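Below is one structure, written out as structure tokens, with a few remarks after it.
The values are calculated or read from the model by the stated rules, or taken from the named source; none is laboratory data. Quick caveat, the model's predicted, so the values are computed rather than measured. So basically every Cβ, Gly included, is an ideal-geometry build from the backbone, and we count neighbours across all protein chains shown. Heavy atoms of the whole protein, side chains included, go into the accessibility calculation; ligands, DNA and RNA do not. Shrake-Rupley method; radii C 1.70, N 1.55, O 1.52, S 1.80 Å.
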Protein chains: 2
Amino acid sequence: MKVGVLKETTPGERRVALVPEMVPRLREAGLEVLVQSGAGDGAWFADSAYAQAGAAIVSRDELLSEAGIVVAISRPDEPVIGALRAGQALVGLLNPLVGPGFAAALAARGVTAISLDGLPRTLPRAQGMDALTSQANVAGYKAALVGAAAFARFFPLLITAAGTARPAKVLVLGTGVAGLQAIGTAKRLGAVVSAYDVRPQTKSEVESLGASFIELTSVGPAAGEGGYARALTEEERQAQQAELTGHIARHDVIITTAQVPGRRPPLLVTEDAIRRCWSPRTRSRRWRPVR
Amino acid sequence: MKVGVLKETTPGERRVALVPEMVPRLREAGLEVLVQSGAGDGAWFADSAYAQAGAAIVSRDELLSEAGIVVAISRPDEPVIGALRAGQALVGLLNPLVGPGFAAALAARGVTAISLDGLPRTLPRAQGMDALTSQANVAGYKAALVGAAAFARFFPLLITAAGTARPAKVLVLGTGVAGLQAIGTAKRLGAVVSAYDVRPQTKSEVESLGASFIELTSVGPAAGEGGYARALTEEERQAQQAELTGHIARHDVIITTAQVPGRRPPLLVTEDAIRRCWSPRTRSRRWRPVR
């Protein structure tokens, strides 16, 4: 059996599904590894690193005709989907519930699709296959760093001869893996952190990291299956947004990580919230665009 | 007496010598404040903010003809220097010992120049005028953030279901105000930090921040006047560089803050050091360009 590693085509995607140091482990398990030329470039893995590890560097067309298992991060583009066939398996973070035409197209071709974002993360046995948690960790960590780098002041309290800098007030929306990592990183940097989630049971996790949990009076609890949040009704959503807007205006940095499985993430920071932060009364200088 | 705030001309310089909230304090002291149009743009202070605070927005030519005291961050460019005259004062971080033709030109025109980087920082009375320490604090803090954002792994130790990420090894060269702030910020983020300075008395400061102090066997102590480092002899410099190169190759992120007053900062990370980090034995992927 041959495993083929696709070069990602999503704009801005720098990751690769398999790193060179994993090639020998697949080979020991009796698999051959094919890597599309340039697949690792964005992640600083040259073709030569894969070749040295024992993989064959091939074109996309060779890969699609020879591989029994095709691995990717995000959904492949149309030409790849069109070239897959019955008997082949596609493994990745495929997000099948958003735009379900994609899953239908694979099913019509008889392709076996395994979407790692569908793994139940609360199941201990599945943790070795859990690709989502590590990515959420990276995203939360990086969000706090990007926020700190873009913020016009310091995150920590600084007492200097030239005066005292107040710590930044950071608000994290959504306290799953990404949110908790963002809270921890912003706290490490010395910020004063608040967090909000529709799942009230996350309060103790937030507080264990030294952040304060914001409880909205206008929305009831909304925990869904498998530890995730459920989608809110339209009425709940509007009440939530109105109350959140007041909190957003009182913070310096907002990090949004809220997600509901299989749906577009909720829009929590509205134009109106941004406008209220821009008002002369609340120090207009605080808001800057982040690339 | 009128105080004029110049718009900076150094490429990449976004700072401004006076912020709007200080305008009323100068006016209370009986000074008029002139601000060159656009002076605060890079720092997100609009002309209107200065005008509201009581300053007059003027052209550069008006400013230079009317102001008795001209304030700036970096050295003004040639046209400004050529327009200054006897009886005027120029205040800024002028760095007069680097390229002394600048100070000679001001002296020839009879301009009184006050360079705030020349203040003795160890003198308690001077701390209220100490512009250098706050800027060094910002630089050290930001250097650690830029390093963390550019680094391909995490700074902290992370133990996850997917495996353990080792903490980053950060080396800070020079442990003045900027270096100590870089150490503190990298430590806050969870990195393992080492530091080096030619002044052995900084060892206890480094260790009090939880970092380890690297002692080179090839160079003796080189503390200079006023708590700064002295310049090394050519022989000392070469021995230092050779020994440092070995340490550099063992670290993931290098932050350089070493400076000697009135001189070009020493070149501590050589092409050879970078080349040794690039060798296949020491994981070539670690080095990436930072913009």
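Identify the single condition in (1) of a type outside the set (S, T, N, Q); (2) farther than 28 Å from B:Lys187 by Cβ; (3) outside any loop (DSSP other than H, G, I, E, B); (4) open to solvent by 40 Å² or more (accessible area, probe 1.4 Å) that A:Pro221 does not satisfy, given that it satisfies every other one.
Of (1) of a type outside the set (S, T, N, Q); (2) farther than 28 Å from B:Lys187 by Cβ; (3) outside any loop (DSSP other than H, G, I, E, B); (4) open to solvent by 40 Å² or more (accessible area, probe 1.4 Å), only one is false for A:Pro221: (3).
Need pairs with beta-carbon distance below 6 Å; first residue over 23 Å from B:Pro261 (Cα atoms) and within segment B:75-94, second part of a helix (DSSP H, G or I) and of a type in the set (A, V, I, L, M, F, W, C); sequence gap 6+ or separate chains.
B:Ile81/B:Ala105; B:Ala83/B:Leu64
For residues that are facing chain B (nearest Cβ under 7 Å) and within 28 Å of B:Ala139 (Cα to Cα), tally how many sit in segment A:120-145.
Of the residues in that region, 3 qualify.
Taking the condition of being assigned to a loop (DSSP other than H, G, I, E, B) and of a type outside the set (A, V, I, L, M, F, W, C), how many residues in segment B:164-174 meet it?
Adding up the residues that qualify gives 3.
Return the residues of segment B:24-48 that are more than 22 Å from A:Gly163 (Cβ to Cβ), touching a Lys or Arg at 6+ places or on another chain (Cβ under 7 Å) and not in a loop (DSSP other than H, G, I, E, B); say none if nothing qualifies.
Correct list: B:Glu32, B:Leu34, B:Gln36.
If I filter segment A:60-68 for residues that are at pLDDT 95 or above, in a loop (DSSP other than H, G, I, E, B) and within 29 Å of the chain's Cα centre (by Cα), do I get at least one hit?
Scanning segment A:60-68 turns up at least one residue that is at pLDDT 95 or above, in a loop (DSSP other than H, G, I, E, B) and within 29 Å of the chain's Cα centre (by Cα).
Which pairs have Cβ atoms under 9 Å, sit 6 or more apart or on different chains, and link a residue in segment A:37-49 that is on the phi > 0 side of the Ramachandran plot to one that is exposed (fewer than 15 other Cβ atoms within 10 Å of the Cβ) and assigned to a helix (DSSP H, G or I)?
If the second residue must be exposed (fewer than 15 other Cβ atoms within 10 Å of the Cβ) and assigned to a helix (DSSP H, G or I), the pairs left are A:Trp44/B:Ser284.
Mind checking which pairs have a first residue in segment A:155-169 that is farther than 19 Å from A:Lys187 by Cβ and within 7 Å of chain B (Cβ to nearest Cβ) and a second that is open to solvent by less than 70 Å² (accessible area, probe 1.4 Å) and assigned to a loop (DSSP other than H, G, I, E, B), Cβ under 8 Å, 6 or more apart or different chains?
A:Ala161/B:Asp130; A:Ala162/B:Asp130
Would a scan of segment A:157-174 turn up a residue that is modelled with pLDDT under 95, β-branched (Val, Ile, Thr) and closer than 22 Å to A:Leu267 by Cα?
no
Mind listing whichever residues of segment A:24-66 are within 14 Å of chain B (Cβ to nearest Cβ), open to solvent by 30 Å² or more (accessible area, probe 1.4 Å) and within 21 Å of A:Met129 (Cβ to Cβ)?
Once the filter is applied, which keeps residues that are within 14 Å of chain B (Cβ to nearest Cβ), open to solvent by 30 Å² or more (accessible area, probe 1.4 Å) and within 21 Å of A:Met129 (Cβ to Cβ), segment A:24-66 yields only A:Arg25.
For segment B:188-210, what are the residues that are farther than 14 Å from B:Ile254 by Cα and within 22 Å of the chain's Cα centre (by Cα)?
Selection gives B:Arg188, B:Leu189, B:Val198, B:Arg199, B:Pro200, B:Gln201, B:Thr202, B:Lys203, B:Glu205, B:Val206, B:Leu209.
Would you confirm whether any residue within segment A:172-185 is over 19 Å from the mean Cα position of the chain (by Cα) and touching a residue at least 12 places away in the same chain (Cβ under 8 Å)?
Within segment A:172-185, not a single residue is over 19 Å from the mean Cα position of the chain (by Cα) and touching a residue at least 12 places away in the same chain (Cβ under 8 Å).
For segment A:1-23, what are the residues that are open to solvent by 50 Å² or more (accessible area, probe 1.4 Å), out of contact with any helix residue (DSSP H, G or I) (no Cβ under 6 Å at 6 or more places or on another chain) and either among the acidic types (Asp, Glu) or not in a loop (DSSP other than H, G, I, E, B) (or both)?
Those that are open to solvent by 50 Å² or more (accessible area, probe 1.4 Å), out of contact with any helix residue (DSSP H, G or I) (no Cβ under 6 Å at 6 or more places or on another chain) and either among the acidic types (Asp, Glu) or not in a loop (DSSP other than H, G, I, E, B) (or both): A:Glu21, A:Met22.
Out of curiosity, is A:Val172 more than 14 Å from chain B (Cβ to nearest Cβ), of a type in the set (A, V, I, L, M, F, W, C) and crowded, with 21+ Cβ neighbours inside 10 Å?
yes
Would you mind stating whether B:Ala229 is at pLDDT 80 or above, crowded, with 16+ Cβ neighbours inside 10 Å and small (Gly, Ala, Ser)?
Judged against the criteria, B:Ala229 is not a match.
Is it the case that B:Leu180 is under 28 Å from B:Arg15 (Cα atoms), buried (at least 16 other Cβ atoms within 10 Å of the Cβ) and within 13 Å of chain A (Cβ to nearest Cβ)?
Yes.
Of all residues being acidic (Asp, Glu) and outside any helix (DSSP H, G or I) in segment B:186-216, which is least open to solvent (accessible area, probe 1.4 Å)? Just the residue, please.
The qualifying residue least open to solvent (accessible area, probe 1.4 Å) is B:Asp197.
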